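Reviewing the structure listed below.
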Amino acid sequence: MAQLTDDCFAQGGPLMRVEEARRLLAESITAVTERETVPLTEALGRILAEDVTSPVNIPPAPNSAVDGYAVHHADLDPAQETRLPITGRITAGQQNLPDAPRGSAIRIFTGARLPAGENGGPDTVMMQEDCEVEGDTVVIRPGIKKGANARKAGEDVEQGSVVLHKGQRLRAQDVGQAAAVGRQQVVVSQRLRVALFSTGDELREPGAVLEDGAIYDSNRYTIHALLSGLGCRVDDLGILPDRLDAVRAALGAAEGKHDLIVTSGGVSVGEEDHVKSAVEALGKLHLWRLAVKPGRPIALGQVGRVPFVGLPGNPVAVVVTFLNVVRPVILRMMGGDDTPPHTFRVRAGFDHKKKIDRREWVRARLVDGTSGLTAEKFARDGAGILSSLVAADGLVELPEDLTRLEAGAMVDFLPFSEVTQ
Ligand code: AMP
Ligand code: MG
C-alpha cells in the first residue's frame, strides 16, 4: 500500500495561490486505498485501478448500420436507378449467411453481419427508406457512396486497445464500455473511509428544538453529500462541542479506522476555535491561507498518520473550499486523476470589483438569452448565505490579476455538475 509522504501538507509563505495549492497536493498526496473487484452494476462513480483492454474487435465482424438492402457498390449505375433481385435475408445474430453474389441484393437488418464472399461481399447498404421493392426486386436510386451504412470490423474498438484507463472515474458510458469488451467486473480503488465531524456549541441536529442562539447543523449534511458524491464511505460522527478535550478525544478516536478526517468550523483564530489546537496536539497542522475568496483559511494536517482537513464554518466557504482542495485530495487518495474540472466561457451579467492577487468565485445562475448564456449573480453574497448556493448553477471564476469586471465581459463558469458528482 502506498504511504502518504510524512507531513504531506507542509507549505511555506503567507498567501498561497490556488495553482500552487493544487501543485503541492499533486506532489504530496499519493494513493492510499487498496484495490477491489466489483461487478459492473456497482462500478458507477468508482475509480478504475487497472487499464481495461479489449480482447475483441468491436464490432467483431462487418455489419449493417441500418435496415435495408446490402449490395455491391460496383453493381450500381451512378446515373440512374438500378434494379437488383433480392436473393437472401440476414437478421441480427444470424450465423449462417446466404451467398451474396455480384448482381444481387440481400435484405438485411441493423446489426446483422454482412456476408463476405469471393468478390469481398456486399460493401454498401441502402436504407430501406431509400429503396422501392417490386416483388423480389429492389429498385435503388443512384447516388449512394461506396461503403455507406456498412460498419467495419474493429471500427469502434480495435482488439488489444486500451478502452478505459487506470485512474479514471467510471461514468455510465464507461461501465457500458467495459461490458462491450466482455467484462463482468472491473478492478477499482476501495472507497476512502472518511470520518466527518462538525464543530460548534451553537449547532443542533435538524429536528431538534432550537433554543436561543442555536442553528441547525447544515455543513455536515452538505459535506456528507459531497463526499458520497465522490464515492467515499462516510462515517458521520456528529457535532463536536467547542471544548479542546472533547475535540481532541474524538479526533484521536477517529484515527485508527479512517483514511481521512474532515471537520467543519473551529479553525479560525478565535479562542473558541479548538480544532486547530487539538490537531496540533495529535499530529501536525498547517493553516493554508489561500489567496481566494471565499474560503480561507483551511486547516490541513495529520492526526497521527491520517490526513486531516479542517474546513471553514461558513456554509459557502465550505463548498468552495471542498471543491478546490478536498476534492483533489480525495481523488488522489483513491488513485484517481485529478485533472482540473472544465470551466465554460459565458457572459457576465453583473459588474464586480475584486482585490488583486486573489482568485474569487462568484455564485451565479445561468440565464439563456439572445446573446448566449449569461451568468447572473445572486443579490446577497455573504459567505454564510447558503441559499445563494442553492439558487446558483455554479461559480464564476475570476482570476488573480482581475480587479474589475464589467457586465458583458466573458468569464469562466464552473458548473456544480462538473465537481459535485
Ligand atoms: P466557525 O468557523 O466555527 O467560527 O464558524 C463560522 C460560521 O459558520 C459561524 O456563523 C457558524 O455558526 C457557522 N457554522 C459553523 N459550522 C456550521 C455548520 N455545521 N452548519 C451551519 N453553520 C455553521
Ligand atoms: Mg465554531
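If you sort the three axes of the alpha carbon gyration tensor as a ≥ b ≥ c, you get a/c under 1.5 for segment 63-151, which makes it rounded. Calculated mean residue ellipticity at 222 nm for the chain: -5000 deg cm²/dmol, from DSSP H runs with n ≥ 4 weighted as -39500 (n - 2.57), summed, divided by the residue count and rounded to 500.
FRET efficiency for the LYS145 to ILE215 pair, using the beta carbon distance and R₀ = 60 Å, is estimated at 0.35. In summary, the lysines within cross-link reach of LYS284, defined as a Cα separation below 19 angstrom excluding same-chain residues under 8 places away, comprise LYS257, LYS276. Each label was represented as a point 7 Å from its Cα along the Cα-to-Cβ direction; for GLN185 and PHE416 these points are 3.7 nm apart.
A full extension of the chain between GLN173 and ARG289 corresponds to an added length of 37.8 nm, given 0.36 nm per residue minus the alpha carbon distance. With the Cα gyration tensor of segment 295-380 giving a ≥ b ≥ c as the square roots of its eigenvalues, does the rule (a/c under 1.5 for rounded; else a/b larger than b/c for prolate; else oblate) give rounded, prolate or oblate? Prolate, because a/c is 1.5 or more and a/b exceeds b/c. Summing charges over all other residues whose Cβ lies under 14 Å from the Cβ of VAL157, with Lys and Arg as +1 and Asp and Glu as -1, gives -2. Taking the centroid of alpha carbons for each part, segment 155-232 and segment 57-84 are 47 Å apart.
Dipole magnitude for the chain: computed about the Cα centre from +1 point charges on Lys and Arg Cβ and -1 point charges on Asp and Glu Cβ, it is near 480 debye.
The overall shape of the chain, judged from the alpha-carbon gyration tensor, is prolate: a/c is not under 1.5, and a/b is greater than b/c.
Here the peptides 128-134, 348-354, 218-224, 376-382 are ranked by packing, the mean other Cβ count within 10 Å, and the order with the highest first is 218-224, 348-354, 376-382, 128-134.
Placing dummy labels 7 Å off each Cα toward the beta-carbon, the span from SER268 to ASP136 is 9.0 nm. Split the accessible area of segment 344-418 by element, probe 1.4 Å, and carbon with sulfur accounts for 51%. The peptide list 295-303, 197-205, put in order of mean Cβ contacts within 10 Å with the highest first, becomes 295-303, 197-205. If R0 is 30 Å, the Cβ-Cβ spacing of ASP236 and ASP381 corresponds to a FRET efficiency of close to 0.50. With K and R counted +1 and D and E -1, the other residues having a Cβ less than 15 Å from that of LYS145 yield a net charge of 0.
What accessible area per residue, rounded to a whole number of Å², is obtained for segment 344-418 using a probe radius of 1.4 Å? That works out to 52 Å² for each residue.
Extension gain for GLU406 to GLN95 (0.36 nm times residue separation, less C-alpha to C-alpha distance): 105.4 nm.
The values are calculated or read from the model by the stated rules, or taken from the named source; none is laboratory data. Predicted model, so just to flag it, every value in this text is computed and none were measured. Cβ coordinates were reconstructed from backbone atoms using ideal geometry, including for glycine residues, and neighbour counts include every protein chain displayed. Surface areas here come from the heavy atoms of the whole protein model, side chains and all, with no ligands, DNA or RNA. Shrake-Rupley method; radii C 1.70, N 1.55, O 1.52, S 1.80 Å.
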